[in-house]
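Chemist: Below is the structure I would like to discuss, written out as structure tokens.
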Amino acid sequence: MRNSRLRALSGVLAAGALIAGLSGTTAQAAQKTVTSAPAEIGIRFNPDGDAGQCGGLAGQQWGVAPDFTRAIRFDTDNRSGGCQLAFGIFDPDNTLRGASISYTFRATAGGDAGQCGNAGTYQMPIQRFRTFGPQVRVDTDGRPGGCNLTFTVSGRSDTILEVRYFADGDGGQCGNTLPSDQNHTAFAGSPVTIGIDTDGRSGGCQMQLRLQKV
């Protein structure tokens, strides 16, 4: 009788160990299948005068790799108003912890600073909700010079910001352009600057962004 009870108890313990092992394996498998949501780069782009100066996708948009954002288009000139521009990063799973990405907006050397509203350096907020940093304002026209927009990445070596910037008319209005299917890459220690000097010349300048971990 005693031996029968011991055998029964051993069977129960073995079954419990097997169930526990299977549960642990299932939990490990579940952990392996859970992936973090990638961060999204956001652009807010709005006219404050003649809307024809601020083409492409107006309002706000959020792009997630491997796709670029849709293009926004600068074509400011002597028409009324300009284009309001801001950036942000939506990172719901905190995948970019420790990263810092900023944008600097300045008049070109010797240029009329009135064309580049709210000049300065600003952080793209990296948050678990969708929000934007301070707005800058593009209002280039026939006045001397234009505006430089610089993107800087720091804090992590595995985070890059890709910038597509191309002209669709007189390329002299768009500093540091590439063909529309190529891009600059900003990474830690290597910022990217584009120039905006649209005026009465033909065409404008288009920009797209993509944020990636590599």
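Chemist: In the stretch 109-124, which residues are open to solvent by less than 30 Å² (accessible area, probe 1.4 Å), in a loop (DSSP other than H, G, I, E, B) and touching a Phe, Trp or Tyr at 6+ places or on another chain (Cβ under 7 Å)?
Modeler: Here is the first cut: in the stretch 109-124, the ones open to solvent by less than 30 Å² (accessible area, probe 1.4 Å) are 111, 115-117, 120, 124.
Next, from what is left, pick out any that are in a loop (DSSP other than H, G, I, E, B): 111, 124.
Result: M124, single match.
Chemist: Let me ask something additional. Give me a count of the residues in the stretch 159-173 that are within 30 Å of G98 (Cβ to Cβ) and open to solvent by less than 40 Å² (accessible area, probe 1.4 Å). Walk me through how you get there before you give the answer.
Modeler: Of all residues in the stretch 159-173, those within 30 Å of G98 (Cβ to Cβ) come to 159-165.
Adding the requirement that they be open to solvent by less than 40 Å² (accessible area, probe 1.4 Å) leaves 159-163, 165.
The number of residues fulfilling the criteria is 6.
Chemist: Could you check N176 against (1) within 24 Å of D77 (Cβ to Cβ); (2) crowded, with 16+ Cβ neighbours inside 10 Å and say which number it fails?
Modeler: (2)
Chemist: How many of the residues making up the stretch 187-199 are open to solvent by less than 50 Å² (accessible area, probe 1.4 Å), more than 24 Å from A113 (Cβ to Cβ) and not in a loop (DSSP other than H, G, I, E, B)?
Modeler: Total satisfying the criteria: 1.
Chemist: Could I ask something else about it? So which of G120, G133, G114 is out of contact with any His (no Cβ under 6 Å at 6 or more places or on another chain) and either under 22 Å from S80 (Cα atoms) or at pLDDT below 95 (or both)? Lay out the reasoning, then the answer.
Modeler: Working: G120 fails: either under 22 Å from S80 (Cα atoms) or at pLDDT below 95 (or both); G133 fails: either under 22 Å from S80 (Cα atoms) or at pLDDT below 95 (or both).
Exactly one of G120, G133, G114 is out of contact with any His (no Cβ under 6 Å at 6 or more places or on another chain) and either under 22 Å from S80 (Cα atoms) or at pLDDT below 95 (or both), namely G114.
Chemist: Could you please let me know if S202 is surrounded by fewer than 21 Cβ atoms within 10 Å (Cβ to Cβ), more than 22 Å from A65 (Cα to Cα) and of a type outside the set (D, E, K, R)? Explain how you work it out, then say what you get.
Modeler: Numbers: surrounded by fewer than 21 Cβ atoms within 10 Å (Cβ to Cβ): yes; more than 22 Å from A65 (Cα to Cα): yes; of a type outside the set (D, E, K, R): yes.
Yes: the conditions hold for S202.
Chemist: Right, next: Using the structure shown, decide if G133 is open to solvent by less than 50 Å² (accessible area, probe 1.4 Å), in a loop (DSSP other than H, G, I, E, B), under 20 Å from D48 (Cα atoms) and among the small types (G, A, S).
Modeler: Numbers: open to solvent by less than 50 Å² (accessible area, probe 1.4 Å): yes; in a loop (DSSP other than H, G, I, E, B): yes; under 20 Å from D48 (Cα atoms): yes; among the small types (G, A, S): yes.
The answer is yes for G133.
The values are calculated or read from the model by the stated rules, or taken from the named source; none is laboratory data. The model shown is predicted, which means the values in this text are computed figures rather than measured ones. Quick reminder, even Gly has a Cβ in these numbers, built from the backbone with ideal geometry, and neighbours come from all protein chains shown. Ligands, DNA and RNA are excluded from the accessible area calculation, which covers all protein heavy atoms including side chains. Shrake-Rupley method; radii C 1.70, N 1.55, O 1.52, S 1.80 Å.
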